[in-house]
Amino acid sequence: MANDSIQRRKFIRWSSLLSLTSILPSGNLWAAGERELFKSNDHFEGSDRAYWVALLEKIAAPVLDNMSRGMLRKNMVMEVSPAWDNRDKTVGYMEAIGRLLAGMAPWFALPYEDTKEGRLRKRLHDQALQSLANGVNPESPDLLNWGNVHLAQPLVDAAFIAQAFLAAPQALWEPLDTVTKTRFIHAFKSLRQIKPGNNNWVLFAAIIESFLLSLGEEFDAERIDTAIDKILHWYVGDGWYSDGPVFAMDHYNGYVIQPMLVEVLKVNVAKGRHKQEVFDLTYKRMQRYASFLERCISPEGTYLVVGRSSTYRAGTFQPLVKLALDNHLPEEIEPAQVRCALTAVLKNLFIPATFTKEGWLQLGLVGDRQQDLADSYSNTGSMYLTSFVFMALGLPGTHEFWSKPFAEWTQRKAWSGKPFNRDHAVKY
């Protein structure tokens with residue numbers, strides 16, 4: 001009981017610190033002092049964005065600062081699952097940068113502002129561009145492992161880099177120099193030697209080829225069309241896809257399937273390769289799935305933890321924040337209720353012990369005692385898929401997602417006896 005009380009006090013101080021402190025230059029934020037001005041996790045009207053930005057800096061800074069200086073391999077503490085499958089650990093560096101940038105891309109796409117947040121964004125953006133250049137530079141200590149026929153994992157995380165480029169081409173692709181762009185195009189094409197598994201992996205191949213298509217480069221149409229056909233065939237109803245021929249109850253519809261399928265179709269529709277009706281259908285399915293995500297957040301800001309890859313934390317909510325970013329949330333869901341629900345989730349997930357003493361994300365969900373939750377393919381770099389939740393920062397601070405007062409989400413209303421929307425299955 002005493003330990004629980006101590007942990008709760010630490011949590012309150014951590015929440016207050018992240019919510020209320022100014023965004024200071026790197027290294028100074030955590031020395032700003034702990035301020036116990038809020039004893040509740042519920043009401044952060046107007047300060048939620050500051051909390052999100054500060055938390056993103058906490059997560060992103062170790063990766064971007066080190067990789068931009070060619071020091072990621074040297075300094076990143078690479079922890080692996082107790083059940084590690086003995087694959088090459090160097091895959092973890094691409095996992096960290098690819099997953100991180102895919103989540104940060106919409107924020108980087110915002111125009112520069114001479115504010116604390118704007119200056120922080122510019123610093124991290126500059127580091128991101130240098131990190132990308134280092135990732136394909138043969139002379140860099142942080143040259144990424146681009147895989148081979150015996151090492152398939154790089155296909156996954158190269159896909160997240162491609163997803164980042166598609167999400168913010170003017171911020172992440174266009175500023176790269178010609179040599180770096182050429183190196184990326186060559187690296188992406190080299191991944192064709194890797195055959196994706198018969199599951200969500202088909203989308204990793206498809207989004208890489210779709211990015212090449214968006215550039216006007218030569219692309220492998222079969223890797224795109226096979227993925228679209230398979231995923232559509234695996235639709236099981238009511239907004240859910242199966243991850244392969246057999247359905248599994250997990251969060252892969254959120255981590256990968258729904259948003260990546262929509263992104264692949266978006267590019268291919270724009271290039272005249274697929275019909276708008278197919279995109280519209282998959283988008284409606286993602287909206288339905290997102291309604292489940294919002295409803296799975298408890299009144300206290302916890303959520304249903306099921307299936308493999310649970311250590312990906314808030315990456316679960318990618319479709320929900322993607323729809324908020326697009327201004328196309330399901331009509332019964334207000335942007336402010338998504339912000340407030342996810343703020344509560346983040347405060348439950350990111351207590352101090354969720355980070356190592358060096359600042360890297362721990363394996364697990366909450367704190368530092370859940371390493372056994374990590375699957376056989378999980379390492380420190382894998383954990384950065386949680387960054388997808390920060391796509392919402394691509395909405396400016398004036399947007400109602402951030403500016404509207406505190407709003408209750410569905411389960412808070414339901415379990416406090418207040419009116420809330422009925423739910424029913426859909427048949428598209």
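At-a-glance table
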| read-out | value |
| --- | --- |
| By accessible area with a 1.4 Å probe, ligands and nucleic acids excluded, highest first: order of 340, 296 | 296, 340 |
| Accessible area in the full protein assembly, largest first, 1.4 Å probe, for 157, 88 | 88, 157 |
| Those residues of the stretch 351-365 whose amide nitrogen sits under 15 Å from the label point placed on residue 371, 7 Å along Cα→Cβ | 354-358, 360-365 |
| Compactness index (Cα Rg / 2.2 N^0.38 Å), the chain | 0.93 |
| Charge context of residue 370, other residues only, Cβ under 13 angstrom, K/R +1, D/E -1 | -2 |
| Extreme residue, positive dipole direction of the stretch 69-142, given options 115, 86, 130 (C-beta unit charges) | 115 |
| Sparse-neighbourhood loop sites, GluC sites (Glu not before Pro) in the stretch 336-428 - DSSP loop, at most 14 other Cβ within 10 angstrom | 358 |
| With every protein chain in place, the stretch 198-304: carbon and sulfur % of accessible area (1.4 Å) | 55 percent |
| Chain lengthening between residue 192 and residue 358 when straightened (0.36 nm per residue, less Cα-Cα) | 56.1 nm |
| Two-decimal log10 I(q)/I(0) for the stretch 191-290, as the Debye equation yields it once each C-alpha is a single scatterer, q = 0.16 Å⁻¹ | -0.62 |
| Label point 7 Å beyond Cα of residue 170 along Cβ direction - residues of the stretch 100-114 with amide nitrogen under 11 Å | 109-112 |
| Leading residue at positive end of dipole, the stretch 275-392 (Cβ point charges), from 312, 325, 371 | 371 |
| Per-residue SASA entry for residue 428, accessible area with 1.4 Å probe, Å² rounded to 10 | 80 Å² |
| Axial C-alpha extent at least 15 Å, average Kyte-Doolittle at least 1.0 - helices from the chain (DSSP) | 153-167, 201-215 |
| Proximal aspartates and glutamates relative to residue 418, as straight alpha-carbon distance under 13 Å, when same-chain residues fewer than 8 apart are discounted | 408 |
| Residue 372 - accessible surface, heavy atoms, 1.4 Å probe, Å² rounded to 10 | 130 Å² |
| Residue-normalised accessible area of the chain, expressed per residue, 1.4 Å probe, Å² | 40 Å² |
| Probe 1.4 Å, all protein chains present, accessible-area order of 322, 275, 404, largest first | 275, 404, 322 |
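The values are calculated or read from the model by the stated rules, or taken from the named source; none is laboratory data. All values derive from a computational prediction rather than experimental measurement. Cβ coordinates were reconstructed from backbone atoms using ideal geometry, including for glycine residues, and neighbour counts include every protein chain displayed. To get the accessible areas, we keep the full protein, side chains included, count just its heavy atoms, and leave off ligands, DNA and RNA. Shrake-Rupley method; radii C 1.70, N 1.55, O 1.52, S 1.80 Å.
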